[in-house]
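Coordinate-derived values only; no laboratory data. Nothing here was measured: the structure is a model prediction, and the numbers come from that model. Backbone-built Cβ (ideal geometry, glycine too); neighbour counts: all protein chains shown.
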Amino acid sequence: MTTFEALGLKAELLQSVTDLGFVNPTPIQEQAIPVLLSGTTDFVGLAQTGTGKTAAFGLPLLHLINAADKFPQALIVCPTRELCLQITNDLLQFKKHLKGVNSEAVYGGASITMQIRNLRQGVQIVVATPGRLIDLIERKAIDLQKVKYVVLDEADEMLNMGFRDDIDFVLKNTINRESIWLFSATMPPEVRAISKNFMTTPKEITVGKKNSGNVNIDHQYFLAAAHHRYEALKRLIDFNPGMYGIIFTRTKADAQEISERLSKSGYDIEALHGDLTQQQRDKVMGRFRNKTLQLLIATDVAARGIDVDGITHVINYELPDDMEVYTHRSGRTARAGKSGICLSICHSRETFKIRQLEKMINATFHKLDIPSGKDVCRKQFFHFMDKLIETDISHGDYETYLPDLMQKFENVSKEEVLQRVAALEFDHFLKYYENAEDLNTRIDSRVKRTENGRDNSNGDSRERNFNRRDNGYTRLFVNLGTKDGFYKASFLQFILDESNLKKDVLGKIDMREMNTWVEVDKANASKMIKSIDGKRYNNRTVRMNEADGGFRRPGGDEGGRNDEGRRSEVGRKRNFAPRERRQF
């Protein structure tokens, strides 16, 4: 088995690795480090999160840096401030025995003045989020022309978040770079385009199969009706009493609401979403890392870059619309060779998504029943008894109190003591689940289905009504699309957050490059329009109106004009391309 000594790293770096307790490199480290030590080879590394990618590029960078040159020689770009700080902290550990090598994390939500001051003191490695990096470039606080090595970490995540233009700008202006090192969990076409446009015959290394999931994750899913989703979540948490996990929701409103409901029920949980300040985010993450919190509930955007050891479970409150997002969610568990469980609460119409995910990540998903109330009580009971037996009593002066305890329980049998302990601990569980209903959705075997899993029976189904004129939804047009950096899940989160509506009010979404059509139930369509029409996004005005009734602003004037002084596409054109059949 290969050791770090065999990879060719400096003695100072090997000492740091030894201090950290590492002897053998992970597969991505073993294959990447010898290639990157040359410093002149463009590189693409595909590996899941938690496989040691930071050391795979961090150690070679520190090996190549010239400590005598007090200017940025390496630039590491990553999607979130959490990941930015994590990489910087790892570099601090790796360079413990190197003299004169400095790194700086630059990210939004912190003082840019302080970051500029630190950069001017002489920094060789800059770890940056795209937005703050562009701010520093515009202020001429960083000189890209002296950067030799550019690392794009979690490249697929940055592109999903709409940073394509920022990445292109950085790569076009690092004209004297010697190499680009791109690391990603998946290889969508957008990531492949970066490789094609900016790299020269890159060396590509894949650990595991492309776009595959971590083999140490047990993927499980549960079928429940939409109105049972919260209760199913609560029951799954109760059935796994030792859980230390992250719950993913689509919107920050869902994250906040579920967090508040679970907190009132006595669970140690907090929400992480975009409305929190950086100080609040740091406080929540600090509590979660210290395991003061048992559960963290977060949106995909807020949770990107979270790297916490020991997470046992990831729960998808709803499956993501973008299948590749599932890979990143599930990758929060089973890190560093450990095992983990990813649970998904699904609607019966989403079984075809499960089949797609199985093919995409090359893993089997296990369908399990949502536990009954009795199952939950039994699991909690035995978990408590195991804790009771394993409790360490060697460090307390308990013998002092034994005579009083013996006297107190003189006329109480051992069996009755145990019964009283159990009653004290489990009375609330027993009462709560006394008449618990079955939350499982049972699929009738007589229902006929197509190969992709969609329902073809004669029952009530939104999919079968999609092409009907009146299906209970109003079709709205909005002048935002993929060119604005949106993908389906992020667009969904945007319109729900802006309108403060629930996902249940939405029907189909048809997203194009320049614009999007979205179905909203008729009772909430006007609220959606009033909340979004006229808002500013990326320095332009957002327009939303009814797609099937001509262009009408909320004020009532028809045939209005958009920012460019021309009629909206919807006002000019009444016939649309055939709508694709889409499923959330």
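Note on the chain: Cα-only Rg and Dmax are 27.2, 90 Å.
Which GluC sites (Glu not before Pro) does the range 13-114 hold that lie in a coil by DSSP with at most 16 other beta carbons within 10 Å? Counting only loop positions with at most 16 other Cβ atoms within 10 Å, none of the GluC sites (Glu not before Pro) in the range 13-114 qualifies. Which of rounded, prolate, oblate describes the range 262-393, given a ≥ b ≥ c as roots of the alpha-carbon gyration tensor eigenvalues and a/c under 1.5 marking rounded, otherwise prolate only if a/b is larger than b/c? Oblate shape, in that a/c is at least 1.5 and b/c is the bigger or equal ratio. Does the range 468-508 classify as rounded, prolate or oblate by the C-alpha gyration tensor (a ≥ b ≥ c root eigenvalues; a/c under 1.5 gives rounded; else a/b over b/c gives prolate, otherwise oblate)? Oblate is the answer for the range 468-508, as a/c is 1.5 or above yet b/c matches or exceeds a/b.
May I ask which of Lys283/Lys387; Lys379/Lys431; Lys359/Lys508; Lys70/Lys99; Lys252/Lys488; Lys70/Lys140 have a Cα-Cα span longer than 20 Å here?
Violating the 20 Å limit, Cα to Cα: Lys283/Lys387; Lys359/Lys508.
Across the chain, C-alpha contacts under 8 Å between residues 6 or more apart give a mean separation that, scaled by the residue count, equals a relative contact order of 12 percent.
By the Kirkwood approach, averaging reciprocal distances over each pair of separate Cα atoms, the range 62-197 gets a hydrodynamic radius of 15.0 Å. Of all DSSP beta bridges confined to the chain, the antiparallel ones make up roughly 25%. The spacing between the range 38-112 and the range 496-548, judged by their C-alpha centroids, is 40 Å.
Dipole magnitude for the chain: about 2260 debye, using +1 per Lys or Arg Cβ and -1 per Asp or Glu Cβ, origin at the Cα centre. For the range 1-72, what D do you get in µm² per second when you plug the Kirkwood radius from alpha-carbon pairs into Stokes-Einstein at 25 °C and 0.890 mPa s? The Stokes-Einstein estimate is 192 µm²/s.
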